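Take a look at the structure set out below.
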Amino acid sequence: MRHASIALDRSACTSCLICVVECPAWCITLSSHPEPVPDLPAGARARTHQVLDTFTIDYGTCLYCGICIEECPFDALAWDDRLVPAPAARSALKVPPDAR
């Protein structure tokens, strides 16, 4: 089965950067920011977690190898049968997976 693109489940993404590091084509960019962990028990030290801001795949350099999907420990990435739209310019191939 051939797949057309990669889908992102934003609610499952922890911004761990494993997909970015493991991608052999380096076509994934991700930015995030820290936010305090809410509802900590009384007396617990303050902690933060990363919150996803942007996630972009450059389909012009993507090898469609699926390594990012396989390596994601939180199942935030999956194959998607929706097509990446044909762009007028090469720069238009850099798109967030949920923007199609």
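The values are calculated or read from the model by the stated rules, or taken from the named source; none is laboratory data. Fair warning: this is a prediction, and the values are worked out from it, not measured in the lab. Neighbour counts are summed over all protein chains in view; Cβ atoms, including those assigned to glycine, are modelled from backbone coordinates with ideal geometry.
Hey, among Ala25, Ala44, which residue is among the small types (Gly, Ala, Ser), modelled with pLDDT under 95 and either on the phi < 0 side of the Ramachandran plot or in a loop (DSSP other than H, G, I, E, B) (or both)? After applying the criteria, what remains is Ala44.
Selection over the stretch 33-63 of residues that are within 15 Å of the chain's Cα centre (by Cα), surrounded by 14 or more Cβ atoms within 10 Å (Cβ to Cβ) and either closer than 22 Å to Ala92 by Cα or acidic (Asp, Glu) (or both) gives a count of 7. Do we have Pro73 as under 14 Å from Ala12 (Cα atoms) and part of a loop (DSSP other than H, G, I, E, B) here? Against the criterion (under 14 Å from Ala12 (Cα atoms) and part of a loop (DSSP other than H, G, I, E, B)), Pro73 qualifies.
In the stretch 65-76, which residue that is within 13 Å of Glu22 (Cα to Cα) and either in contact with a Cys (Cβ under 7 Å, 6 or more places away or on another chain) or surrounded by fewer than 13 Cβ atoms within 10 Å (Cβ to Cβ) (or both) is modelled with the lowest pLDDT?
It comes out as Cys65.
Cys19 satisfies every condition listed in (1) under 17 Å from Ile69 (Cβ atoms); (2) part of a strand (DSSP E or B) except (2). For the stretch 11-18, the count of residues that are of a type in the set (A, V, I, L, M) and within 11 Å of Phe55 (Cα to Cα) is at least one. The residues of the stretch 1-17 that are of a type in the set (A, V, I, L, M, F, W, C), surrounded by 15 or more Cβ atoms within 10 Å (Cβ to Cβ) and more than 14 Å from Ala78 (Cα to Cα) amount to a single one, Cys16.
Just give me the residues in the stretch 1-42 being among the β-branched types (Val, Ile, Thr) and out of contact with any His (no Cβ under 6 Å at 6 or more places or on another chain), in sequence order. Within the stretch 1-42, Ile6, Thr14, Ile18, Val20, Val21, Ile28, Thr29 qualify.
Within the span defined as the stretch 78-99, every residue fails to be among the hydroxyl-bearing types (Ser, Thr, Tyr), free of Cβ contacts under 8 Å to residues at least 24 places away in the same chain and surrounded by 11 or more Cβ atoms within 10 Å (Cβ to Cβ).
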